[in-house]
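Below: the structure, in structure tokens.
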Amino acid sequence: MKTIKALGIAIIIWILGVSAFTLIHELPLMEDRYLQANIGLAFVVPFLVWAGAWLYYRKGNLTHGLKLGLVMLLVSATMDVLITVPLLILPSGGSYSSFFGSLDFWLIGLEIIGVTTLFWYLKVPK
């Protein structure tokens, strides 16, 4: 596994994901803005992760997609612990346990793992 490359791509995906979440949260579409942002993020994440997997695998890396997905999820969770929760969740009355105990977080995590694994099966020559 090209660890530095995987970490860099995962951080870029996290930055774009948080940016999308924040932007979608500000749109006046639904009364429940948090739900609106999570639904939007659930639609955006597969495209971001697919593009990230393409970047990772384009020069012939053979790391299994499940392993890459787990690294991306771990990086995302770490960035959430260090940045997202303290800067966005705690000031609005949330907590670490409410953020990481949320089904939304884990469904998006499964999306990350699922998309990288699917990309590996469909696009990476074995």
Q.
Suppose we keep only residues that are charged (D, E, K, R) and outside any helix (DSSP H, G or I) within region 1-37. Which one would you say is surrounded by the most Cβ atoms within 10 Å (Cβ to Cβ)?
A. 2
**Q.** Considering residues of region 52-76 that are among the small types (Gly, Ala, Ser) and buried (at least 16 other Cβ atoms within 10 Å of the Cβ) only, the residue farthest from residue 15 (Cα to Cα)
**A.** 65
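For (1) within 24 Å of residue 120 (Cα to Cα); (2) in contact (Cβ under 8 Å) with a residue 12 or more places away in the chain, each residue gets a yes or a no:
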| position | (1), (2) |
| --- | --- |
| 18 | no, yes |
| 22 | no, yes |
| 25 | no, yes |
| 35 | no, no |
| 38 | no, yes |
| 47 | yes, no |
| 89 | no, no |
Q. Quick check: anything in region 92-110 within 14 Å of the chain's Cα centre (by Cα), surrounded by 18 or more Cβ atoms within 10 Å (Cβ to Cβ) and touching a residue at least 40 places away in the same chain (Cβ under 8 Å)?
A. yes
Q: List every residue pair whose Cβ atoms lie under 8 Å apart, where the two residues are 6 or more positions apart in sequence or sit on different chains, the first residue falls within region 3-16 and is touching a residue at least 24 places away in the same chain (Cβ under 8 Å) and under 15 Å from residue 47 (Cα atoms), and the second residue, located anywhere, is aromatic (Phe, Trp, Tyr) and part of a helix (DSSP H, G or I).
A: 9/56
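Condition check ((1) under 10 Å from the mean Cα position of the chain (by Cα); (2) of a type outside the set (A, V, I, L, M, F, W, C)) across all residues:
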residue: 5; (1), (2): no, yes
residue: 16; (1), (2): yes, no
residue: 29; (1), (2): no, no
residue: 33; (1), (2): no, yes
residue: 40; (1), (2): no, yes
residue: 59; (1), (2): no, yes
residue: 72; (1), (2): yes, no
Q. Got a sec? Which of 67, 59 is within 24 Å of residue 2 (Cβ to Cβ) and without any contact (Cβ under 8 Å) to a residue 24 or more places away in the chain?
A. 59
Q) Among the residues of region 99-112, is any charged (D, E, K, R) and closer than 24 Å to residue 125 by Cα? A) yes
Q: Check whether at least one residue in region 68-85 is touching a Pro at 6+ places or on another chain (Cβ under 8 Å) and under 17 Å from residue 16 (Cβ atoms), and report yes or no.
A: no
Q: State whether the residues of region 47-68 include one that is closer than 17 Å to residue 102 by Cα and either at pLDDT 95 or above or touching an Asp or Glu at 6+ places or on another chain (Cβ under 6 Å) (or both).
A: no
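The values are calculated or read from the model by the stated rules, or taken from the named source; none is laboratory data. All figures in this text were calculated on a predicted structure; none of them were measured in a lab. Neighbour counts are summed over all protein chains in view; Cβ atoms, including those assigned to glycine, are modelled from backbone coordinates with ideal geometry.
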